[in-house]
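A.B. asks: Dropping the structure in here first, questions after.
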Amino acid sequence: MSREGQKLDYAAAGGNGAGGVGIGVLSLDLLGQVLDRLREPRDRKACRLVSRAFERAEATHRRALRVLRREPLPRLLRAFPSLERLDLSACASLDDASLSAAIAAAGAGGLAGLRRVCLARASGVGWRGLEALVAACPRLEAVDLSHCVGAGDREVAALAAAAGLRELRLDKCLAVTDMGLAKVVVGCPRLEKLSVKWCREISDIGIDLLAKKCPELRSLNISYLKVGNGSLRSISTLEKLEELAMVGCSCIDDEGLELLSKGSDSLQSVDVSRCDHVTYQGLASLIDGRKFLQKLHVADCLHEIGQRFVSKLATLKETLTALKLDGLEVSDSLLQAIGEGCNKLVEIGLSKCSGVTDEGISSLVARCTDLRTIDLTCCNLITNNALDSIADNCKMLECLRLESCSLINEKGLERIANCSPNLKEIDLTDCGVNDAALQHLAKCSELRTLKLGLCSSISDKGIAFISSNCGKLVELDLYRCNSITDDGLAALVNGCKKIKLLNLCYCNKITDSGLGHLGSLEELTNLELRCLVRITGIGISSIATGCKSLIELDLKRCYSVDDAGLGALARNAFNLRQLTISYCQVTGLGLCHLLSSLRCLQDIKMVHLSWVSIEGFEIALRAACGRLKKLKMLNGLKTVLSPELLQMLHACGCRIRWVDKPLVYKDC
Amino acid sequence: MDRGQNHIHGQSAANLCYQFGSDNPLLGMGIQQPFVPFTSPFGASSSTNIPHMDWNPATMLDNLTFIEDKIRQVKDVIRTMVDNGGQLPCRQGDLTQQQQVVNADLTCLIVQLISTAGSLLPSLKNSSFLSHPPAGHMDTVNHVGSSSSFIPNVTTISEENKEDMCSPEDYEELFKGFTDGAMEGGIEIDNVFVEEQDAKDGDEGGDASMDGENLPPGSYELLQLEKDEILAPHTHFCSICGKGFKRDANLRMHMRGHGDEYKSPAALAKPPRDASAEHELVKRYSCPFVGCKRNKLHKNFQPLKTILCVKNHYKRSHCEKSYTCSRCHTKKFSVMADLKTHEKHCGRDKWLCSCGTSFSRKDKLFAHVALFQGHTPALPADEPKNSSDQISRVGSHQEPAKFPSSMSSSFMWGTSSSDDRGLDIKGLAGCSEDILSTGNFGSFNFSFGPADGFTGEPSGSTFSVLPPEHFQSAQKKGKN
């Protein structure tokens, strides 16, 4: 809990105890203002729980709500009448009936202020629920329906009734066709942002209508669509388009880019990554027409770069801030030319580019001193010299990705750490760095993300260095850092209490006592403990009781974890959404207990649970039927599980992945 | 004109033809024969144009006088031949020479007759034309002329097709060639052929380009069918019972009922296509409707490509839309095929708009939606599709009553000139080679040149035998 939270807590408690003096005398408005200034949801919750005044203030003042279970949804919608943002993406087992009922319970005007709704992955919601939602929310502006793989034209047509819609995400709504898109573009002419990524049924015809009906469009994502150059011709008529992403559109080629270049000058960001038929010629003509381009992502689509492209890039000198050239074969001269041409660059992506050398990087960063993000993943020719020149020139550096750059060592990182006080993210996966490097990096007190996977020479000492100064660390990846022991974890939780994502896979020296330390990480959401063969149910219990925020847990190949551990999870980890228990030593009883208790659980991988009987699976799955959305099981179970169960799972929007892997026990 | 004469020339190979042709009481085949000579001369040379459209008494008189003279000359020649025939049968050279002369003269005569009669035809009554006994008489010469008026004007044709027909296969081919050509609407003939030695050539020579357009020479040949020809329902007629057919194949099937001789594989076979068509000029057609863009008089004239185009264009643009869709009862068509095409899709348009309009194609619907504010595609479940029970009603639709086949046909013949394609060259090129290879006709063919085919046949009689229906039938085939 943050300091201001504690203070308020104290005041509120005192106020109540003193009978009306203190917090209670403040007006709801003021309390609302106070609540707005609380950054952490946990603090707000504390206030709410301690003081009625705060509870009332929050009830009238709360704008955003993220619901994790469907049962309290009607009550919550009633309790917070001035909601503007509603996130139902994590709401387990939400379906049409429950959504409609909740909306009805909120009453007329109860959701009148709602502007944004997120229904991502809410695969149980169909057109009936969406119709009810849209009818109850006249001011709806943004809807996120992404990854509702079952959503089709009817669902989208229901959304089309929201005439004021400005933002719509339909990523991977696989059944949406041109017809659904047409419904939306006719119904919502003020659309400004639209993503139809992965909606493979949408064709040029639909995009053409979109361009005709939605002139306000500013951002459009047509990635992975089977659309061709005709679509780009239509898109080029959009006067206000600023952002266009068309990743993996293999039907688009240079001709299309040329058509696009004839459109208005509003375009600022173009992503043509993985467009196989785009060459530098097309990009050159695109740049030619777009003097104000700011972001250009051309990852994995170019095979060579011609002089024409480089010279055109130079015309974007004043505007271009982000350039991604992943997978391209680059030369020193090209990097130099980019450096000279585009010295306003803030972000450069050279991931998996072959031919990136120290000289190239030096000549690039010498001119581009504004660089904040440098991605050098797999540029395995670079050495400390490149890091030196980056450190000397890019004082604003925030993100440096050096995965698989195995020639660098602590000396180069020392320069970086000394010269880049703003460094927030560094990826050193597979770089073979040691504790000394971490000692230097510990100077970066702003560090949020640290990835040290496969650096097996890192020991508890190095972790202690990090812990000593990087209190803001949120993500730590220690994949296969198998020198780390329980003591390292003890040191870690001592200093880095904000960690949310922690990867300890294959650090097989860790035992239950180490997990006991982790139990104090209250904010931990994602924890990967794969193949920690020494941990048992006791360690899991301490995590389950301590890490209240846990959302994702990977226990694959934790051979010693048994029913006791799952029981602890079932009793305590109420927010757990994803769980992997393959190879765990659980029985049918433990599984049933787990699946029937965890009401947020949506995704479970349970391959090779050798102690679970068929009946065990059957009963456990029946218990969790309405909630599960993803399931991974052995193929052999497909035939022995009852067909009714499988049908029921399917009807509830659950996708089952049947795998056929051999049972192999390994210890590393 | 004498049948005996023909037999003499006919010789062995020609016998087949005779069996099928002149001696055959079934006229369907015999009829064809006379046209062989007609077509073959095309191959020859000469570029005389006979303006047959103008009805000028003076010209007519000239023509008739000329014909009279010519007949007298031919008579003389033949008389001498008859006289000499008994005495000096072995003098082949003389005979050949005389044959040549007769040949040429006869050709000339017939062309003249045709052109003269052709110009008369517009004034002829259909009834009289049709009521003529179909059986062969020498005195139906006029008919011959008129009927064959689709041959007349001349331009150029290659030398290749001088051969006579002699085998059934060839015959079949010829038959096809003829009917095809006639069907192609063979009316306005620009290409007809006349012998060189014809004295009248010069007089008759007119403008080949009757349409008065300044076409680049050799670019294409322009033909114009008349309304009645275009609208005639049948193009193939049984020479025995007069029944009309749209397709030659159907006629052939029908002919089986008239005797065993029509059942032979050769008689039933489809007349093979022939390669020499490439040598012809490209043909283009003009719509008879004045003021139409497809009419040759139009400022921005755009010719039609085929007879079928002409027919469909004329019906679609200048005729009443008499076929109504039995499902939607709104769409009307003047071409039966259009109705059938529509009925295939009518009611099955799966792309619906919120306004109730349905489209057969998604892009059409989207164009509609893009055009009209507020219109939106209707999802299939929103609005039920047109009930499928209507489908059963399709096909109940019948074609309207056909034209009385008797009337229009002869009339159309008169007014318009015919295309020569039927008589062409097409059907003949292939067979001529065969004949050459057999060598049966060897000397005969070569020595007689272009007209030999004609003399080789029982010309007069066969011509006279021609029932007018046959021409109708040939012509109507084009409508199919």
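A.B. asks: Could you tell me whether region A:191-210 includes any residue that is within 14 Å of chain B (Cβ to nearest Cβ), among the hydroxyl-bearing types (S, T, Y), surrounded by fewer than 20 Cβ atoms within 10 Å (Cβ to Cβ) and not in a helix (DSSP H, G or I)?
C.D. replies: So far as region A:191-210 goes, no, none of its residues is within 14 Å of chain B (Cβ to nearest Cβ), among the hydroxyl-bearing types (S, T, Y), surrounded by fewer than 20 Cβ atoms within 10 Å (Cβ to Cβ) and not in a helix (DSSP H, G or I).
A.B. asks: Right, another one. Give the residues of region A:249-274 that are of a type in the set (G, A, S) and either part of a helix (DSSP H, G or I) or touching a strand residue (DSSP E or B) at 6+ places or on another chain (Cβ under 9 Å) (or both), sorted by residue number. Write out each step before concluding.
C.D. replies: Let us first name the residues in region A:249-274 that are of a type in the set (G, A, S), namely A:250, A:256, A:261, A:263-264, A:266, A:269, A:273.
Those that are of a type in the set (G, A, S) and either part of a helix (DSSP H, G or I) or touching a strand residue (DSSP E or B) at 6+ places or on another chain (Cβ under 9 Å) (or both): A:S250, A:G256, A:S261, A:S269, A:S273.
For (1) on the phi < 0 side of the Ramachandran plot; (2) outside any helix (DSSP H, G or I), each residue gets a yes or a no:
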residue: A:H608; (1), (2): no, yes
residue: A:W611; (1), (2): yes, yes
residue: A:C625; (1), (2): yes, yes
residue: A:T639; (1), (2): yes, no
residue: A:R657; (1), (2): yes, yes
residue: A:L663; (1), (2): yes, yes
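A.B. asks: Would a scan of region A:178-199 turn up a residue that is closer than 18 Å to A:S146 by Cα and of a type in the set (S, T, Y)?
C.D. replies: yes
A.B. asks: Right, here's the next one. I want to confirm something. Restricting to region A:155-190 and keeping residues that are of a type in the set (V, I, T) and open to solvent by less than 10 Å² (accessible area, probe 1.4 Å), which single residue is farthest from the other protein chains (Cβ to nearest Cβ)?
C.D. replies: Here is the first cut: in region A:155-190, the ones of a type in the set (V, I, T) are A:156, A:176-177, A:184-186.
If we keep only those that are open to solvent by less than 10 Å² (accessible area, probe 1.4 Å) too, we end up with A:156, A:176, A:184-185.
On the way: A:V156: 10, A:V176: 12, A:V184: 9, A:V185: 9 Å.
Here the answer is A:V176.
A.B. asks: Pairs, please: C-beta under 8 Å, at least 6 apart or cross-chain, first residue small (G, A, S) and in region A:517-529, second assigned to a helix (DSSP H, G or I)?
C.D. replies: Listed by first residue and then by second, the contacts come to A:G519/A:S542; A:G519/A:I543; A:G519/A:T545; A:G519/A:G546; A:S520/A:V493; A:S520/A:G546.
A.B. asks: Next up: Just to be sure before I move on: is B:K344 open to solvent by 50 Å² or more (accessible area, probe 1.4 Å), closer than 30 Å to B:E226 by Cα and not assigned by the TED database to the domain that holds B:D248 in the structure I sent?
C.D. replies: On the way: open to solvent by 50 Å² or more (accessible area, probe 1.4 Å): yes; closer than 30 Å to B:E226 by Cα: no; not assigned by the TED database to the domain that holds B:D248: yes.
Here the answer is no, as B:K344 does not meet what is asked.
A.B. asks: Within region B:265-274, identify whether any single residue is assigned to a helix (DSSP H, G or I), open to solvent by 60 Å² or more (accessible area, probe 1.4 Å), in contact (Cβ under 8 Å) with a residue 40 or more places away in the chain and touching a Pro at 6+ places or on another chain (Cβ under 7 Å), and answer yes or no. If you could, list the steps in order and put the result at the bottom.
C.D. replies: Of the residues in region B:265-274, the ones assigned to a helix (DSSP H, G or I) are B:265-268.
Now restrict to residues that are open to solvent by 60 Å² or more (accessible area, probe 1.4 Å): B:265.
Pick out the ones that are also in contact (Cβ under 8 Å) with a residue 40 or more places away in the chain and you get none.
Checked region B:265-274: no residue is assigned to a helix (DSSP H, G or I), open to solvent by 60 Å² or more (accessible area, probe 1.4 Å), in contact (Cβ under 8 Å) with a residue 40 or more places away in the chain and touching a Pro at 6+ places or on another chain (Cβ under 7 Å).
A.B. asks: Out of (1) within 17 Å of A:I374 (Cα to Cα); (2) in contact with a helix residue (DSSP H, G or I) (Cβ under 6 Å, 6 or more places away or on another chain), what's the single condition that is false for A:H440?
C.D. replies: The single condition A:H440 does not satisfy is (1).
A.B. asks: For region B:72-88, which positions are open to solvent by 70 Å² or more (accessible area, probe 1.4 Å) and at pLDDT 75 or above?
C.D. replies: Restricting attention to region B:72-88, the residues satisfying the condition of being open to solvent by 70 Å² or more (accessible area, probe 1.4 Å) are B:72-73, B:75-76, B:79, B:82-83, B:87-88.
Selection gives B:R72, B:Q73, B:K75, B:D76, B:R79, B:V82, B:D83.
A.B. asks: So, one more: Would it be correct to say that B:S354 is surrounded by 15 or more Cβ atoms within 10 Å (Cβ to Cβ), touching a strand residue (DSSP E or B) at 6+ places or on another chain (Cβ under 8 Å) and away from chain A (no Cβ under 14 Å)? Explain how you work it out, then say what you get.
C.D. replies: Details: surrounded by 15 or more Cβ atoms within 10 Å (Cβ to Cβ): yes; touching a strand residue (DSSP E or B) at 6+ places or on another chain (Cβ under 8 Å): yes; away from chain A (no Cβ under 14 Å): no.
Judged against the criteria, B:S354 is not a match.
A.B. asks: Hey, another quick one. Take region B:358-378 and flag every residue that is more than 7 Å from every other protein chain (Cβ to nearest Cβ), of a type in the set (F, W, Y) and open to solvent by less than 50 Å² (accessible area, probe 1.4 Å).
C.D. replies: B:F359
The values are calculated or read from the model by the stated rules, or taken from the named source; none is laboratory data. This one's a predicted model, so the numbers in the text were calculated from it and none came from an experiment. When we count neighbours, we look across all protein chains shown, and the Cβ atoms used for this are built from the backbone with ideal geometry, even at glycine. Please note that ligands, DNA and RNA were not included when accessible areas were found on the heavy atoms of the full protein model with its side chains. Shrake-Rupley method; radii C 1.70, N 1.55, O 1.52, S 1.80 Å.
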